[in-house]
Amino acid sequence: MLSFGIIIFAVNKAIDYYSFITIEKQMMEKADLSELSFREVLAQHRSSSGEPQTKEIVRLALEKLKASGKEVRIYDSSKQLLGLAVDGIIINDGKPHIFEKNIEKALSGSYAYTVTDDHLLYFTTPIQNQFYENAYVYEFVEDISYFYAIMDQIRYVLFAGAGGFIVLITLASLWIARNTTKPIKVLLDATQSFSKQEFRRVHLNRKDELGMLAEGLDQMGQQLHNYIQYQKQFVSNVSHELKTPLSAIRGFSQYLYEGENENEELQKIYAHLLQESDRLTRLINELLLLSRFDKTGSSELEVEKTEMNALIQQVATNMEAKAKEKEISITVKQVDGEPSDENLTKVYANVNPMLISHAIANLMDNAIKYSGRHSKIEVQMEHTSSEVIVKIGDQGIGIAGDEMERVQERFYRAKNASTANGSGLGLSICKEIVERFNGYIDVESELGQGTTVTIVLPRA
Ligand SMILES: Nc1ncnc2c1ncn2[C@@H]1O[C@H](COP(=O)(O)OP(=O)(O)OP(=O)(O)O)[C@@H](O)[C@H]1O
Ligand SMILES: [Mg+2]
């Protein structure tokens, strides 16, 4: 708009300038013709009577030139007005407005002109005598309002055209913006869902670069999807294959451990074997659980109306032994109720109790694992008219802000988690379980202060 404004301004100025040059040229031609007529009078007068009679010359010249302008004037070399004619009528004693500067300029030998506010052009030109002296100044007045009218017309056309052009350009820019930003938004949305591992087909109905980009993205999404599926299938197969030998190893380690009563060194080794095979069994079981999730839809899971208070209480009781090892206390409380109150409001959710217990146990396990000795874990249950909210808060090592999102990914462990063993699957399993029952989890944490993980489930 700005550059367009500048162009319009420049064009307007150019029209002004070139129109004036044209009019100036016209006036010069007219002045030349007038000068010729004037000199004719001078020459005739000289030939008829020897001495030039100024008064007579002026009268004759005015007679001849009176029709050449709205008003014509003749001055002598001392800038005195000798005579004038208005609308073709010769007036000898008028007091018109005289542009002295123009007359001076004419006496020095060049043209000069002035345009008044009422669009009258006063044009002066020198007239030479037989000695080539600027003896007279001839001035004529031309009404150039027609010229201003034409200029206004041109300006009107120019501005109307510019207005139309601006409207057109605005519409065109809007169209271009819509046509380029809309598909870019589609591509952007696709990349965002890809980053969340939600692969869907991307298609733009166009053959240009954006269409090609969409096609490339679509192919990339498909390949990534296939690759991830393949990876999951691989993990699932391996887990299955490992299950049987692992249970054999576990069984034998238990047998060896229980049978060894004398050699303390060996007993330690067998205990270690047993512990590690337990850990591996747990890992395999979790992997199998995840691959079961990958394959089945939520409709295939057994769901029953479950009383959440009792379930949480049960999980907390199960975890107590583990907490005691680090002298950690677990408090379960329902908001608006005393801890372990007998008459708690019963709150139900449609879930698979085994899986939800597993999820909550995973969170409590984390709370114990990532807390120091003698700290406190608080499990709090709240409910709204539509939701059951379970919060598991600890006073442990916390999670750094930039890792908060990633800890919910499979196999991701935070940098400060090396203090405890783990495979990085617990939270992702918990997330998947909760999402299967149309809920979600939320992790809040402050490094060194503690972590609170919230499970939100719809009420039954
Ligand atoms: N309560 C917590 N306090 C501090 N860090 C936590 C807490 N819960 C989870 N984390 C961080 O999130 C990471 C992922 O947790 P997740 O439960 O998925 O795996 P894990 O505990 O390392 O292993 P697993 O649960 O499979 O044995 C952990 O490694 C830890 O860094
Ligand atoms: Mg864990």
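Each reported figure results from applying straightforward, stated rules to the coordinates on display, with no laboratory input. Nothing here was measured: the structure is a model prediction, and the numbers come from that model. Backbone-built Cβ (ideal geometry, glycine too); neighbour counts: all protein chains shown.
Counting neighbouring Cβ atoms within 10 Å and putting the fewest first, the residues Lys322, Lys431 line up as Lys322, Lys431. With equal scatterers on the alpha carbons only and no solvent term, can you work out the Debye log10 of I(q)/I(0) for segment 301-458 at 0.10, 0.12, 0.13, 0.14 1/Å? Results for segment 301-458 at q = 0.10, 0.12, 0.13, 0.14 Å⁻¹ read -0.33, -0.48, -0.57, -0.66. Under 19 Å Cα-Cα from Lys207, which lysines qualify once same-chain neighbours fewer than 8 residues away are excluded? Straight-line reach from Lys207, under 19 Å: Lys182, Lys185. Going by the alpha-carbon gyration tensor, a ≥ b ≥ c the square roots of its eigenvalues, is the chain rounded (a/c under 1.5) or, if a/c is not under 1.5, prolate (a/b greater than b/c) versus oblate? Prolate, because a/c is 1.5 or more and a/b exceeds b/c. For segment 174-331, what is the convex hull (Cα atoms) projected area averaged across all directions, in square nanometres? That works out to 17.3 nm². The charge dipole of the chain, taken about its Cα centre with unit charges on the Cβ atoms of Lys, Arg (+1), Asp and Glu (-1) only, comes to about 780 debye. For Ala112, the residues whose modelled amide H falls within less than 5 Å of its own, excluding neighbours fewer than 5 places apart on the same chain, are Thr124.
Neighbour counting of Cβ atoms within 10 Å sorts the residues Leu187, Leu33, Leu355, fewest neighbours leading, into Leu33, Leu187, Leu355.
Estimated from helices alone, the mean residue ellipticity of the chain at 222 nm is -19000 deg cm²/dmol (sum of -39500 (n - 2.57) over DSSP H runs with n ≥ 4, per residue).
Lysine pairs in segment 4-85 with alpha-carbon atoms under 18 Å apart, 8 or more places apart or on different chains: how many are there? Taking the Cα cut-off of 18 Å, the pair count is 6. From the alpha carbon centroid of segment 391-407 to that of segment 241-316 is 26 Å. Exposure proxy ranking for Lys25, Lys326, based on other Cβ atoms within 10 angstrom of each Cβ and starting from the fewest, stands as Lys25, Lys326.
In segment 13-143, Cα pairs under 8 Å separated by at least six residues give a relative contact order of 22 percent.
Structural descriptor for the chain: relative contact order 8 percent, calculated from alpha carbon pairs under 8 angstrom and at least 6 residues apart. Below 24 Å, Cα to Cα, which lysines can Lys326 reach? Residues fewer than 8 away in the same chain don't count. Answer for Lys326, where 24 Å is the Cα cut-off: Lys268, Lys369, Lys376, Lys391, Lys415, listed by chain and number. Using a/c under 1.5 as the rounded threshold, could you call segment 1-157 rounded, prolate or oblate? The axes a ≥ b ≥ c are square roots of the C-alpha gyration tensor eigenvalues, and prolate needs a/b larger than b/c, oblate otherwise. Since a/c reaches 1.5 and a/b is larger than b/c, the shape of segment 1-157 is classed as prolate. Database remark: amide H of Lys333 closer than 5 angstrom to the amide H of Val379, Gln380, Met381 (H placed geometrically; neighbours at sequence offset of 5 or more, or on other chains; Pro and chain starts carry no H).
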